[in-house]
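*Asks:* The following block contains the structure, expressed as structure tokens.
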Amino acid sequence: MINFRPSDFFRPISVPNVRPLFQGASAQPAQSIDTFQSVRFAGIDKAQAVEQPLISFDKKDKTFKLAGKNMEYFLNVTPDGDLVNLYWGKPVGKVHADLLTENTRPTLESQAREYPGTVRGDNRTPAIKVSTPKGHLTGDFKYVGYRILSGKPELKGLPSTYALNPSQAQTLVVKLRDDATQLELNLNYTVFKDSDVVVRSAKVTNRGNEPVSIDKLASISTDFQPDDYKLLKYTGGWGREMQEQIVDLQPGSLLRVASQTGRTGHEQNPFMALMEKNTTDDTGNAYGFSLVYSGSFVAEAEQNAKRKPRISMGLNPEVFRWKLAPGESFQTPEAIGVFSSEGLNGLTKQLHTTFNNHLLRGPWKDKPRPVLLNTWEGVYFDFDHEKVVNIAKEAKKLGVELLVLDDGWFGTRYPRNDDHAGLGDWVENPAKLPKGLGGLAADVNKEGLMFGIWVEPEMVNPKSELYEKHPDWVIHQPDRERTEMRNQLMLDLGRKEVQDYIINSMSRMLDSGNIQYVKWDMNRVITESGSAGLPPDQQMETQHRYMLGLYRVLDTLTKKYPDVLWEGCASGGGRFDPGILPYFPQNWTSDNTDALSRLDIQSGTARLFPPKTMGAHVSAVPNHQNGRSASLKSRFHVAMSANFGLELDPSKMTESEKEFTREQIAYYKQVRHIVQDGDYHLLRTAANNNHPAWMFTSADGNEALVFAFQKQVEIRMPVPRVKLKGLDEQAMYRVDGIKQPLSGSYLMNVGLSPKFKEDMDSNMFYLKKVSDSKDGQAA
Ligand code: GLA
């Protein structure tokens, strides 16, 4: 053990750090922020990092400056030892005395506090609440010191952002202490060179002699200057995920977005954005907050009576409490804070960059995603080996590359022929699959397709061999009836033996044949939250322990089977969040496959998440969820705006539908690099808009794909032109269907004129750059 000395902290940037400084730090190769990764980045890229420090400390004013690509974030240690936020926004170079004095006023209400507690007369929502052995609430932390690290340390046991090499990012760790309780608090801040993002998290360590109870511990808390603000957030439900809402933030009010049933949910996303009053899609300042976590969370936006806003986000204290024994630490999930001076579209750009470059990982991150056919809406539970192979044969003719066998393939004593039985028993049903998964995969491969499978490993049906053997393995409270949802209960993933059961059964399955894709589903929420594996005073840890267990399982499996393409699902988009992205590069966006409904769902989802993380399928009409019959063309255009798939029985298609499908899939394969690897631009959101539109520009800037939609025919109303984005003003582009090339400036200022005939109609335009300048220089 090495005790830190205060003098170690007060120093200018030192890159790299090779000595562990804080208590508990070891000289192990770093795996997590706990170890301060002092070895991993040693000796790397020193010159570059020193030349362009992203984080610096002004000793005189005790001010930290954190710089992103086009953003600065200033923190200050007041003479009283409080940590305050001086400024966050476009680069200003330096902060001056007026800002410093404003923030050293004695009343906490007037300060922009970085991690407020409850003790010293601040009426706003706290970031931290800890109950002490004496029964008091505490959380008044004073500055002790800091450390600057090159790169971005991983968080142990939690999904977290990463930097591919240490020169891409720097991390500031500010240490604070509450003397009365001997609690130590590390606030972690990472900035990346390529984006305008501050990634934050907190870690509390109990240096006292008695256990304390953590009642609330936010991942991020930041105060803003008094002004008028709006808030962007998402609401929704099953089949209508990610519905955008923009509301006013009112003085003297608190807006909460939260989930408390163990997953982030269809009804909300762990995201909110604070917008200055005049901020639009393309102009003005906006600050986005996104939590890298997939369980119960709370995001709070408060504006006090003096119009000072505070945003905080983290684990939801309604369903979380943690007993922290002496010497132990607790690390929060991390939150991503994004700044944009270019309105909401700027926010989208920053989020997509962060998710693409610092959260998604594995071989599939940048590989073309296969065109898949999922059997669910085509045949539901009604299939056998031969039928699946026949579907594969037909699918191949349409151009499909991956056949996904959805629910219903498992269970021997309790076969899964409907949703009443079988979950938990991950063994093939021999009546349906006599050659097993291995045999089926081989036969599907023979047809020239990859093979993939559906699983729902976090669940168990009471009608299963697993439940008969281990009734205490489910989340439950001993004195209450166990609420079933979709006839199933949730396994208690906080327990190591449950985690190991899942890892082993999934490994057995994946080892049994050439399975190249897994759809990992999760179809219910937590009720009667409680664990048979925990003592009474730790029952409130059940939900977070579940998440830590889930992340261990996902980390183990995705590392053990890196070549498998993992797609997440939770009855559609019920767990589509940054916390799931490190494991699942692709996610089923919604169970609702109706093209019209999908406009709002996909435009809301793509505001935050890159389209390459979204799955979108063409299904049969009338649509199975809402009975609507959208044209095949518009169903294709919606699904081609993300990772494309079919979800139908090809034997039920007419010859002309098959012909159209063949053509469109062949076309999608030619342009999918634009959608999957290019930049996404929302041209007109689907929220409250009859004519949504979006487009993609290819990574090399030479191609673009535009999708424009009409929800409903409006009698004698003109259709607005679609003004494009992300093109080169000077360059000339050939637009399919238009004879003469058009300039980038024309396309972005005058725009294209889509033609619509019916309800839920669509247009797609492909653009190719033909010259770099208006006078015809070749591209
Ligand atoms: C959930 C999923 C669907 C499908 C079914 C199978 O509802 O969201 O896509 O996989 O389960 O039971």
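*Asks:* Can you order the peptides 485-491, 219-225 by their average number of other Cβ atoms within 10 Å per residue, highest first?
*Replies:* Final packing ranking: 219-225, 485-491.
*Asks:* Would you pull out the residues with amide H under 5 Å of residue 618's amide H, same chain only if 5 or more places away, H placed 1.01 Å from N?
*Replies:* Placed amide hydrogens put 645, 646, 647 under 5 Å from residue 618.
*Asks:* Continuing with the same structure: Could you calculate the FRET efficiency of residue 209 with residue 496 from 1/(1 + (r/R0)^6), where r is the beta carbon distance between them and R0 is 45 Å, rounded to 0.05?
*Replies:* The formula returns an efficiency of 0.95 here.
*Asks:* Would you please put 166-177, 284-295, 502-513, 548-559 in order of how densely packed they are, using the mean number of other Cβ atoms within 10 angstrom per residue and starting with the highest?
*Replies:* 284-295, 166-177, 548-559, 502-513
*Asks:* Roughly how big is segment 308-416's charge dipole about its Cα centre, with Cβ charges of +1 (Lys, Arg) and -1 (Asp, Glu), in debye to the nearest 20?
*Replies:* 340 debye
*Asks:* Further, regarding this structure: For the chain, what is the calculated [θ] at 222 nm in deg cm²/dmol (nearest 500), taking -39500 (n - 2.57) for each run of four or more DSSP H residues and dividing by its residue count?
*Replies:* Here the helix-only value at 222 nm equals -6000 deg cm²/dmol.
*Asks:* For segment 657-719, what are Rg and Dmax over the alpha carbons, in angstrom?
*Replies:* That works out to 14.5, 41 Å for Rg and Dmax.
*Asks:* While we're on this one: How large is ³J(HN,Hα) for each residue in segment 687-692, as worked out from phi by the Karplus curve 6.51 cos²θ - 1.76 cosθ + 1.60 (θ = phi - 60°), to whole Hz, x for Gly and Pro?
*Replies:* With coefficients 6.51, -1.76 and 1.60, one gets 5, 6, 9, 6, 10, x Hz.
*Asks:* Name the long-range amide H neighbours of residue 561: under 5 Å, sequence gap of 5 or more, or other chain; modelled H, no Pro or chain starts.
*Replies:* none
*Asks:* Quick one: check the C-alpha center-to-center distance for segment 521-545 versus segment 636-668, whole angstrom.
*Replies:* Segment 521-545 and segment 636-668 have Cα centres separated by 43 Å.
*Asks:* On to the next question. If you take every DSSP beta bridge whose two residues both sit in the chain, what share of them, in percent to the nearest 5, is antiparallel?
*Replies:* In the chain, DSSP labels about 80 percent of beta bridges as antiparallel.
*Asks:* Another question about this same structure. Over 21 Å between Cα atoms, which of 393/652; 69/90; 203/560 qualify?
*Replies:* Long pairs (Cα-Cα over 21 Å): 203/560.
*Asks:* Counting only Cα, what are the radius of gyration and maximum Cα-Cα distance Dmax of segment 672-779, in Å?
*Replies:* 14.1, 44
*Asks:* With charges set only on the Cβ (+1 for Lys and Arg, -1 for Asp and Glu), what does the dipole of the chain come to about its Cα centre, in debye to the nearest 20?
*Replies:* For the chain, the charge dipole is close to 1480 debye.
*Asks:* Here's another thing I want to ask about it. Calculate the length of the line joining the C-alpha centroid of segment 195-263 to that of segment 270-286, in whole Å.
*Replies:* Cα centroid of segment 195-263 versus Cα centroid of segment 270-286: 16 Å apart.
*Asks:* Which whole-number percent is the relative contact order of the chain (Cα, under 8 Å, 6+ apart)?
*Replies:* The value is 9 percent.
*Asks:* Calculate how many DSSP beta bridges within segment 337-465 are antiparallel, expressed in % of all such bridges and rounded to the nearest 5.
*Replies:* The answer is about 10 percent antiparallel.
*Asks:* Now, a different point. Give me P(r) over segment 68-216, computed from all C-alpha to C-alpha distances, binned every 5 Å, as integer percentages.
*Replies:* P(r) over segment 68-216, rounded to whole percents: 2, 9, 17, 18, 19, 17, 11, 6, 2, 0.
*Asks:* When N counts the residues of segment 532-619, how does its alpha-carbon radius of gyration compare numerically with 2.2 N^0.38 Å, as a ratio?
*Replies:* Ratio of Rg to 2.2 N^0.38 Å for segment 532-619: 1.32.
*Asks:* A follow-up question, please. Which whole-number percent gives the relative contact order of segment 350-414, counting Cα pairs below 8 Å spaced six or more residues apart?
*Replies:* Worked out over segment 350-414, it gives 42 percent.
*Asks:* Roughly how far apart, in whole Å, are the Cα centres of segment 121-150 and segment 469-512?
*Replies:* Each part reduced to its Cα centre gives a spacing of 36 Å.
*Asks:* Here's another thing I want to ask about it. What is the set of long-range amide H partners of residue 220 at a cut-off below 5 Å, with H atoms built 1.01 Å from backbone N?
*Replies:* Residues meeting the criterion, in which the H sits 1.01 Å from N, are 313.
We did not get these values from a lab; they are worked out from the coordinates using the rules stated. Quantities reported herein were computed from a predicted structural model and do not represent experimental measurements. A quick note on method: Cβ atoms are made from the backbone with ideal geometry, for glycine too, and the neighbour counts reach across all protein chains shown.
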